[in-house]
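Everything below concerns the one structure shown next.
The values are calculated or read from the model by the stated rules, or taken from the named source; none is laboratory data. What you see is a predicted model, and the numbers here were worked out from it, not measured in a lab. Here the Cβ positions follow ideal geometry from the backbone for every residue, glycine too, while neighbour counts run over all protein chains shown. For accessibility, only protein heavy atoms count, side chains too; no ligands or nucleic acids. Shrake-Rupley method; radii C 1.70, N 1.55, O 1.52, S 1.80 Å.
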Amino acid sequence: MYTILTVVIIVVVVVAAFAVFGGVFKEKPILQVSQTLSGKTNDSVTLNFSVTNVGGDANGVVITASSTAFTQGTTTKIDIPAGKTVVASCQVTVNDIESKDYPITLTYTADGNIFGAFSGNVAGNAVFHVLPSLEIVDVHWKNDIAWIGQQGNFTLLYFNIKSNTDFAAEGVNVKLALTPTVDDLVVNPSSMEVAKIGPKATSEQISVAVAAYGAQVGNHPLQIELSLNGYVIDTASTAIEVRG
């Protein structure tokens, strides 16, 4: 009986020792991110970081995102197992600053071992591209008539671009497209570049022609898209009816 009791005690001690040493020597997580995010000035945006852990298991991870591009953001607690990639999210407000790339500094804390919590920098390259706060406004058709005849008729579409930022935007691209495309229904011009908009001003009225050359009768959606440096800033939709 004493022998059995001794064996049980030894087993308990060994298990406890493994638990303690496992906690002591728990491998530190190594977190990595390589990502470019974007948002418009003055907007509240959600940053979604794909975080990869190439170190030990990470539990109770909280990531803090800092940049001159936006207010500081902090994620809720998440677990990132070793070798896995998890999306961590936080809410920030984009500052009213010049439109360009800004580096993001990411730091983290996580549950540690008996020596204390883990903490450090998230490795890699995280960038935030600030977009100007622009919007398409006052979209309307000539004489407020949104239809044309089927054969050899045309009309004009008007709109403006409004800047809501303290910094001028240059080289903004405007694209217009029928969605879906319609044979013999032409938008001209279908694309253009606006040299400069703002700060905090509305552009001169922009006009484009829409002409039918035997196009299919019906109501045809048309989309206007603003973009800068490959990032879409704003979109607006209207429609033109072709009558027989």
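Just give me the residues in segment 214-230 being part of a strand (DSSP E or B) and among the aliphatic types (A, V, I, L, M), in sequence order.
222, 224, 226, 228
Say we look at segment 192-233 and pick out the residues that are polar (S, T, N, Q) and under 24 Å from the mean Cα position of the chain (by Cα); which of these is most open to solvent (accessible area, probe 1.4 Å)?
Checked segment 192-233; the qualifying residue most open to solvent (accessible area, probe 1.4 Å) is 229.
Determine which member of the set 222, 176, 185 is touching a His at 6+ places or on another chain (Cβ under 7 Å) and closer than 19 Å to residue 141 by Cα.
None of the other options fit; the residue is 185.
Among the residues that make up segment 151-165, is at least one of them touching a Gly at 6+ places or on another chain (Cβ under 8 Å) and open to solvent by 70 Å² or more (accessible area, probe 1.4 Å)?
The answer is yes; a qualifying residue exists.
Among the residues of segment 72-92, write down those that are touching a residue at least 24 places away in the same chain (Cβ under 8 Å), open to solvent by 60 Å² or more (accessible area, probe 1.4 Å) and within 16 Å of residue 46 (Cα to Cα).
87, 91
Does residue 233 fit the bill of being assigned to a strand (DSSP E or B), of a type outside the set (Asp, Glu), in contact (Cβ under 8 Å) with a residue 40 or more places away in the chain and closer than 30 Å to residue 101 by Cβ?
Yes; evaluated as a whole, the condition is true for this residue.
Return the total of residues in segment 26-37 being over 30 Å from residue 99 (Cβ atoms) and either free of Cβ contacts under 8 Å to residues at least 60 places away in the same chain or open to solvent by 60 Å² or more (accessible area, probe 1.4 Å) (or both).
The total comes to 3.
For segment 126-145, how many residues are surrounded by fewer than 17 Cβ atoms within 10 Å (Cβ to Cβ), touching an Asp or Glu at 6+ places or on another chain (Cβ under 6 Å) and over 30 Å from residue 59 (Cα atoms)?
The qualifying residues number 1.
Take segment 38-58 and flag every residue that is polar (S, T, N, Q), part of a strand (DSSP E or B) and surrounded by 16 or more Cβ atoms within 10 Å (Cβ to Cβ).
38, 52, 53
Quick check on my filter: what residues within segment 95-125 are hydrophobic (A, V, I, L, M, F, W, C), open to solvent by less than 40 Å² (accessible area, probe 1.4 Å) and within 16 Å of residue 35 (Cβ to Cβ)?
Selection gives 104, 106, 122.
Considering every residue within segment 46-57, establish whether at least one is more than 12 Å from residue 28 (Cβ to Cβ) and in contact with a helix residue (DSSP H, G or I) (Cβ under 6 Å, 6 or more places away or on another chain).
no
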